[in-house]
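Read the structure below first, then the notes.
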Amino acid sequence: MHVWQRPFALLPTFAPRPWGVMDLAPWFPNPTPAVKVGEAWFTADGNPTGAGPTFGELTRRHPAEILGPGQGEECPLLVKILFTSERLSIQVHPDDEYAAIHHDGSRGKTEAWHVIAAEPNATIGIGLSAPLTREQGEAAALSGEIEHLMDWRPAAAGDTFLVPAGTVHALGPGLTLIEVQEQSDITYRLFDYGRGRELHLEHGFAVSDLGPYTLGNDTRHTADAGRTILTHCRYFTMECRTSRGQLLFAPLAPHFHLVVVIKGEGTIAGEPMVPGAVWCVPAKADPFVIESSQSCDLLITYPSVTPTASFYEPSETA
């Protein structure tokens, strides 16, 4: 059987961050117990896979079969799980055009967050509470006042936020969330609470929208039982499927799907899946079944603004 004919596991690599956590339970054992881990990455070039080669090696060998026609040889989406114990830097990301010019043809970074655990009073910062000029923004970043000018909003498990490139943003402590973004690692830090890391004020304020965040929450339930479209943009759609029993897959879309297990246990194409597991469903995958004896919550994301028809309950075709 070819590697693209069935889903395969994407294994995490862990990134230390000063705002991370020491304990990744119940999602993962901490591979470096003496170091704070802030991010688990799953779809970067060097991520190991259950199929043997790294994810990048597989997508370069079989780009059309795994990613789909027109997707290139690199996965266009980066999936992470983030863990916070302190506030992240106040930061911003460039759009595709700016990144291509200033970072050797790189993609920009539009991203979205889906909160899977949150301590009481957890917050996210998204946009500014009132518009600023660039000069005011730079002065606020240098003085630290920008922390108090952010629009800090409550965040709870189940919340989803779309963060377009150019949005000034930050995460507060006490959060665990799934982040889906363009495959890019370009971050411009505007303020970092005196941690001593480099700031990027020239690039950052060149791309920042220095005003309030105005996007409404576009999460919506569908006619399919247990299916919620969390958010979408030109780069990806994120949805949540709650399944008990069987969820069927048929190759009805021309692109890959990424499946993140949020809650519950079961099997995917006969292989065990547990919370924190991430799977790539290749574009050319054969039909298969996700089975669970208990309620199982899955986040599914893919590079299309149109919701996929590939996952469905058996009763939906009856």
Might you check whether a residue that is crowded, with 21+ Cβ neighbours inside 10 Å, basic (Lys, Arg) and either without any contact (Cβ under 8 Å) to a residue 40 or more places away in the chain or under 15 Å from Leu175 (Cα atoms) (or both) occurs anywhere in region 79-97?
yes
Could you check how many residues of region 268-282 are in contact (Cβ under 8 Å) with a residue 60 or more places away in the chain and either part of a strand (DSSP E or B) or open to solvent by less than 30 Å² (accessible area, probe 1.4 Å) (or both)?
10
Name the single residue that is nearest to Glu73 (Cα to Cα) among those in region 283-305 being under 18 Å from the mean Cα position of the chain (by Cα) and not in a strand (DSSP E or B).
Pro303
Subset of region 110-148, residues over 26 Å from the mean Cα position of the chain (by Cα), surrounded by fewer than 19 Cβ atoms within 10 Å (Cβ to Cβ) and of a type outside the set (Val, Ile, Thr), comes to Ala130, Pro131, Arg134, Glu135, Gln136, Ala139, Leu142, Ser143, Gly144, Glu145, His148
Failed criterion for Gly108 (all others in (1) closer than 27 Å to Asn30 by Cβ; (2) outside any helix (DSSP H, G or I) hold)
(1)
Could you identify the single residue in Thr242, Thr214 that is part of a loop (DSSP other than H, G, I, E, B), modelled with pLDDT under 95, open to solvent by 50 Å² or more (accessible area, probe 1.4 Å) and of a type in the set (Ser, Thr, Tyr)?
Thr214
Going by what's in this entry, would Gly68 be described as in contact with a His (Cβ under 7 Å, 6 or more places away or on another chain) and open to solvent by less than 10 Å² (accessible area, probe 1.4 Å)?
yes
Filter region 195-222 for residues that are touching a strand residue (DSSP E or B) at 6+ places or on another chain (Cβ under 8 Å) and free of Cβ contacts under 8 Å to residues at least 24 places away in the same chain; which is nearest to Gly127 (Cα to Cα)?
His200
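The values are calculated or read from the model by the stated rules, or taken from the named source; none is laboratory data. Computed from a predicted structure; not experimentally measured. Reconstructed Cβ throughout: ideal geometry from the backbone, glycine too, with neighbour counts over all protein chains shown. All accessible areas refer to the heavy atoms of the entire protein, side chains included, with ligands and DNA or RNA removed. Shrake-Rupley method; radii C 1.70, N 1.55, O 1.52, S 1.80 Å.
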